[in-house]
1. Can you find a residue in segment 54-61 that is open to solvent by 20 Å² or more (accessible area, probe 1.4 Å), touching a Leu at 6+ places or on another chain (Cβ under 7 Å) and hydroxyl-bearing (S, T, Y)?
2. Name the residue, out of S96, S173, that is of a type in the set (S, T, Y) and assigned to a loop (DSSP other than H, G, I, E, B).
3. For segment 65-92, give me each residue that is assigned to a helix (DSSP H, G or I) and at pLDDT below 95.
4. So, in segment 127-169, how many residues would count as being touching a Gly at 6+ places or on another chain (Cβ under 8 Å), outside any helix (DSSP H, G or I) and either open to solvent by 20 Å² or more (accessible area, probe 1.4 Å) or in contact (Cβ under 8 Å) with a residue 40 or more places away in the chain (or both)?
5. Tally time: how many residues in segment 98-110 are over 17 Å from V167 (Cβ atoms), open to solvent by 30 Å² or more (accessible area, probe 1.4 Å) and either of a type in the set (D, E) or touching a residue at least 12 places away in the same chain (Cβ under 8 Å) (or both)?
6. Taking the stated definitions as given, is M95 open to solvent by less than 40 Å² (accessible area, probe 1.4 Å), of a type outside the set (S, T, Y) and out of contact with any His (no Cβ under 9 Å at 6 or more places or on another chain)?
7. Report yes if some residue within segment 111-126 is open to solvent by less than 30 Å² (accessible area, probe 1.4 Å), touching a helix residue (DSSP H, G or I) at 6+ places or on another chain (Cβ under 6 Å), among the small types (G, A, S) and within 14 Å of S45 (Cα to Cα); otherwise report no.
8. Against the condition in a helix (DSSP H, G or I), of a type in the set (A, V, I, L, M, F, W, C) and modelled with pLDDT under 95, how does A13 come out, does it pass?
Amino acid sequence: MEILRRSLLQSAAGLAVTGKSTASSLSLPKVKLGTYEITRLIIGSNPFNGYSYSLPSLSRHMKEWSTPENICKVLRMAEENGINTYQFSYHLQAMSDLRMHRDQGGKLQWILLGGGAMSEDLTLITETAKLGPLGIVHHGGVTDRRFRDGQHAKVQEFLKRVRDAGVLVGMSSHRPQNIEYA
C-alpha cells in the first residue's frame with residue numbers, strides 16, 4: 001500500500017503526540033538499494049550524537065538524553081512505525097547500541113558511515129562487514145577533509161576495502177565537486 005505524503009505526515013504527527021502510530025499497519029514507500037529494499041525514510045544518529053548544528057546547549061541536552069536505553073526505545077518506535085533502515089557513524093557506543101537493539105528483537109537494516117576510528121584503521125571495515133551492514137559509506141566530513149588535503153588515495157583505498165569486504169560501498173561528501181571528481 002502506497003502512503004500519500006499527507007497520511008505519512010498525519011501518522012508522524014500522531015507518533016509525536018502519542019508515541020504510537022496512528023496507522024494500524026504502517027507501510028512506508030520503499031526503494032531498492034542493491035538487492036535490498038529500504039524505506040525512503042530512514043532513521044539517522046545525529047540527534048543521538050548531539051549534533052543539533054544550532055545551539056551548543058541543545059546539542060548537550062540531546063547527548064545527555066541519548067542513553068543506550070533511550071536510543072533503543074527510539075529505534076524500536078521507528079521500526080514499529082514502518083522504518084526499516086538505520087544509518088549511523090562508526091563509534092563503539094553506536095555499535096553497542098545496535099547490538100542491544102538486536103538483542104531486544106530489533107530487525108532494522110543498517111548502513112554505516114565509516115568515520116571515526118574506521119577512517120584510520122581500515123581493518124575495522126572487514127570486522128564490521130561480518131556483522132551484516134547493507135553497506136559502508138566513506139564519511140562525508142572525512143571525504144571533504146581528505147580531498148582538501150590532497151589525500152584522494154586514502155579515500156580510494158577505503159572504498160576498495162569496503163568493496164572487497166562484500167558489502168555495498170558508498171562515498172558521501174558535502175561538496176559537489178568531490179562527487180564530480182569521484
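1. No, every residue in segment 54-61 fails to be open to solvent by 20 Å² or more (accessible area, probe 1.4 Å), touching a Leu at 6+ places or on another chain (Cβ under 7 Å) and hydroxyl-bearing (S, T, Y).
2. Details: S96 fails: assigned to a loop (DSSP other than H, G, I, E, B).
The conditions single out S173.
3. Keep residues of segment 65-92 that are assigned to a helix (DSSP H, G or I), which gives 65, 68-80, 92.
The one that is assigned to a helix (DSSP H, G or I) and at pLDDT below 95: L92.
4. Qualifying residue count for the region: 7.
5. The number of residues fulfilling the criteria is 4.
6. yes
7. Within segment 111-126 (the criterion being open to solvent by less than 30 Å² (accessible area, probe 1.4 Å), touching a helix residue (DSSP H, G or I) at 6+ places or on another chain (Cβ under 6 Å), among the small types (G, A, S) and within 14 Å of S45 (Cα to Cα)), the answer is yes, since at least one residue qualifies.
8. So A13 fits the description; yes.
The values are calculated or read from the model by the stated rules, or taken from the named source; none is laboratory data. What you see is a predicted model, and the numbers here were worked out from it, not measured in a lab. Virtual Cβ from ideal backbone geometry, glycine too; neighbours counted across all protein chains shown. For the accessible areas, the whole protein counts, side chains as well, though only heavy atoms, and no ligand, DNA or RNA atoms are used. Shrake-Rupley method; radii C 1.70, N 1.55, O 1.52, S 1.80 Å.
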